[in-house]
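To start, the structure itself, in structure tokens.
The values are calculated or read from the model by the stated rules, or taken from the named source; none is laboratory data. Everything numeric here is computed off the predicted structure, so don't read it as measured data. Here Cβ is always computed from backbone atoms with ideal geometry, including for glycine, and neighbour counts include all displayed protein chains.
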Amino acid sequence: MPIPNYREQVRFLLGQQEIKIGINNPNITLLEYLRLTARLTGTKEGCAEGDCGACTVLIGEIHQGNIRYQPINACITLLGMVDNKQVHTVETLAQDNVHPAQALMAEQHASQCGYCTPGFVMSIAALQCDLGDKSQTKVGASKAQIDDYLSGNLCRCTGYGPIINAAQEISKKPLSSAWQTQAQTAKKTIHEWMNDPRPLRCVGNKAIFVAPNSLDTLHDALLKHPDATLLGGATDVGLWITKLGKRLTNIIYLGQVSEMRNVSQTEDTLEIGAGVSLQDTQLLLGSLTPDLEHLMRRFGARQVRSQGTVGGNIANGSPIGDLPPALIALGAKLEIAGADGIRQIPLENFFIGYGKQDLSPGEFVRLIRIPINRNLHFRCWKISKRFDQDISSLMGAFSATVENNKFQDVRICFGGMAGTPKRASACEAVLLQQSVASDVLVHAKRALARDFEPITDMRASAEYRNYVAQNLLEKFILSINDKDQSILHKDTVWTTPAIHQ
């Protein structure tokens, strides 16, 4: 298929204002543009890594035919990523009058030092957008919903009480007519832009930012720039720029490739495009098992999940990524595409060594294929110091089928216990064909200790990791035996065990 001509300017709506701008430096972030060029300084820089939420803005994009608004971190979002989208800041949020989120924050006295206040305003505005017409209730959002939306915002003055009150009140209010009018106008503009077949390519000083809009244009970009950095949601790559000081020369942004944002499901398989956001996979994966929905809820915060992608969480090869161990335990496979065609590999074979994945130049992860087995016993637990916004100390995922009261097809995988997500092969072998009610646990724990040699770092000691991994194994077996159900679904956070030699 012939490749269309490229556009040379990023186009987006800043509030209701159309912006068209070239990018000389592909590393420029949305936050830098807002503060230094647009002079909209209400959006603040705090941590510069997507943790504090001071830089929260709303991104509006077309989703299932309508415009959807989600909170994201402007500090790690590259400017080229907002092409064909709408950006709302704390300044543009107001239409004919102040936005209810702004008014309620003031009425509830929900600001102390004020530095993080704009980010909170944007997050509770996102809550109202998400509820939509459902906001017209006397009850409003639940505490869990409010906590979910505020988990990515840090109040350094501990002013959460009034902020939560403001969120509760806004969740009872319908979207204003002014807001709905501007959303429809934005939707029309973005639809017109998306009918333009030309993908974005900005050429700067020895640097290029390309945003292919199809697999064909992606293959073309990779052919011309095989050494380019592939960019998904920037929740990892963005930190290379803001925290490590890297200056990337060639960037290929995958977020506009329509084929990589598709989801399909049959009776026995769930396929998720690599470009699907973590937020959009929460209910999808939750339909397979409640443990996965709970796990997805603990990925960073709402801003991170709205940006981060399933493919990015896998392709970055982190040994402490939360999703790969769970998907490996489920027997997931990757579809990898490149100039030579498409190949499929088990997810566990993708991780070759620390920082090394099975990807040749010009190849990319296209989709994740997960088998569906309704008879599977599956559990996964994330161990971290905090419930929200925390990196795992270790992550354990377990699956097995049971026939005639015996373990079959056992798959156990851990993150944080080795240089890559790794299966516990010795432990699996001990459990296979053994009775679920026998004393096999003792032998399985010993085998598990042989499977891994974890390191000690700032998150946990090797001794702690081994101890907790064995406890999670016991917890899994207890769940199959239907014992002590009171502990099986409790949130698992950091504890300091009494470890005995």
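Residues checked against (1) part of a loop (DSSP other than H, G, I, E, B); (2) farther than 28 Å from Met260 by Cβ:
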{"residue": "Arg369", "(1), (2)": "no, no"}
{"residue": "Val402", "(1), (2)": "no, yes"}
{"residue": "Arg446", "(1), (2)": "no, yes"}
{"residue": "Arg450", "(1), (2)": "no, yes"}
{"residue": "Asp457", "(1), (2)": "yes, yes"}
{"residue": "Ala460", "(1), (2)": "yes, yes"}
{"residue": "Gln470", "(1), (2)": "no, yes"}
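For the stretch 146-176, how many residues are under 20 Å from Asn73 (Cβ atoms) and either assigned to a helix (DSSP H, G or I) or not assigned by TED's automatic domain parsing to the domain that holds Leu104 (or both)? Number of matching residues: 8.
Only one of the listed residues (Gly355, Gly341, Gly331) is more than 20 Å from the chain's Cα centre (by Cα), closer than 20 Å to Thr309 by Cα, not β-branched (Val, Ile, Thr) and not assigned by TED's automatic domain parsing to the domain that holds Phe452. That residue is Gly331. Figure legend. Inter-residue proximity from the stretch 402-414: first residues within 14 Å of Ser425 (Cβ to Cβ), second residues of a type in the set (Phe, Trp, Tyr), beta-carbon distance below 7 Å, spacing 6+ or different chains. Indicated pairs: Ile412/Phe398; Phe414/Phe452. Only one of the listed residues (Leu36, Leu31, Leu40) is of a type outside the set (Val, Ile, Thr), loosely packed, with under 15 Cβ neighbours inside 10 Å, at negative phi and not assigned by TED's automatic domain parsing to the domain that holds Cys116. That residue is Leu36.
For the stretch 45-65, the criterion of being within 24 Å of Ala301 (Cβ to Cβ), assigned to a strand (DSSP E or B) and without any contact (Cβ under 8 Å) to a residue 24 or more places away in the chain is met by at least one residue.
Each row is one residue, and each column tells you yes or no for (1) surrounded by fewer than 23 Cβ atoms within 10 Å (Cβ to Cβ); (2) touching a Phe, Trp or Tyr at 6+ places or on another chain (Cβ under 7 Å).
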| position | (1), (2) |
| --- | --- |
| Gly331 | yes, no |
| Ile342 | yes, no |
| Phe351 | no, no |
| Leu376 | yes, no |
| Phe398 | no, yes |
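Selection over the stretch 236-248 of residues that are under 19 Å from Leu359 (Cβ atoms) and of a type outside the set (Phe, Trp, Tyr) gives a count of 3. Restricting attention to the stretch 476-499, the residues that are touching a helix residue (DSSP H, G or I) at 6+ places or on another chain (Cβ under 9 Å), modelled with pLDDT of 90 or more and buried (at least 18 other Cβ atoms within 10 Å of the Cβ) add up to 2. Within the stretch 359-377, the set of residues being over 30 Å from Pro290 (Cβ atoms) and modelled with pLDDT of 95 or more comprises Phe364 only.
Exactly one residue among Val402, Val442 is in contact with a helix residue (DSSP H, G or I) (Cβ under 7 Å, 6 or more places away or on another chain), more than 24 Å from Asn313 (Cα to Cα), surrounded by fewer than 18 Cβ atoms within 10 Å (Cβ to Cβ) and at pLDDT below 95, and that residue is Val402.
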